[in-house]
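Notes follow the structure.
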Amino acid sequence: MSDLVRLSFSIEKSLLERLEGLIKGSGYQNRSEYIRDMIRGRVVQQQWQRNEEALGTVTLLYDHHARGLDGRLNQLQHEHHGAILASTHVHLDRQICVEMIMIRGRASQIKHIHDQLAKQKGVVYSSLSISSTGKKLIPRHHH
C-alpha cells in the first residue's frame, strides 16, 4: 500500500513558470519527483544546520610532490578513524592527485575534518559535499 498523499496548494503564476522551467531544464519526468527532491534537499540542509548525524564527502586536489603532504593527510585520517568510512586516492597525472574521503559523524565534526585536511600546504582545492545518513529521508517500514 502506497504512502503517497496528493496535495493541492496555491502558487503565483510567475513562480509556477519558473518552477516549470527548472523542471524542464533538469531532466525530471514529472513535477512531483522534482518537488520531492527539493524537499529532501532542504531536510539535508536542516540536518547540517542542526548539527545532526550526517555524511560528507571531502574531495582534495593536491600536488603529490608537496613535501610530507601524503603523510600529513594520512595521519589526519588516522586521527579520525572512527568517522572515516572510506577513502579513494587517484593519480590524475605525474604530479596531481585527488583524494575522496567519505565521513560519517555530526555535521560540525565533518566540517572540522574537512577544514583540517583542506588547510594542508600543497592542497590546491578542496570541497565538501554534504549528504545524509538517509534516516529522515527514507520511510521506515514497521514489521
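Annotations
- Neighbour-count order for TYR125, TYR28, TYR34, fewest beta carbons within 10 angstrom listed first: TYR125, TYR28, TYR34
- Using only side-chain charges placed at the Cβ, +1 for Lys and Arg and -1 for Asp and Glu, the dipole size of the chain relative to its Cα centre rounds to 320 debye.
- Helical content alone sets the calculated 222 nm signal of the chain at -12500 deg cm²/dmol, taking -39,500 (n - 2.57) per DSSP H segment of four or more residues and averaging over every residue.
- The stretch 38-143: C-alpha gyration tensor shape, a/c 1.5 cut-off, then a/b vs b/c: prolate
- Tilt relative to the chain, helix 31-49 - C-alpha long axis, 0 to 90 degrees, to 10: 50 degrees
- C-alpha long axis of helix 107-118 to longest principal axis of the chain, angle in °: 40 degrees
- Degrees, to the nearest 10: 69-79 long Cα axis against longest axis of the chain: 60 degrees
- Remark: the stretch 53-131 carries a charge dipole of roughly 140 debye about the Cα centre, counting +1 on each Lys and Arg Cβ and -1 on each Asp and Glu Cβ.
- Neighbour counts of other Cβ atoms within 10 Å put ILE130, ILE39 in the fewest-to-most order ILE39, ILE130.
Read-outs: derived from the displayed coordinates by stated rules, not from any lab. From a predicted model like this one, the values you see are computed outputs, not experimental measurements. Virtual Cβ from ideal backbone geometry, glycine too; neighbours counted across all protein chains shown.
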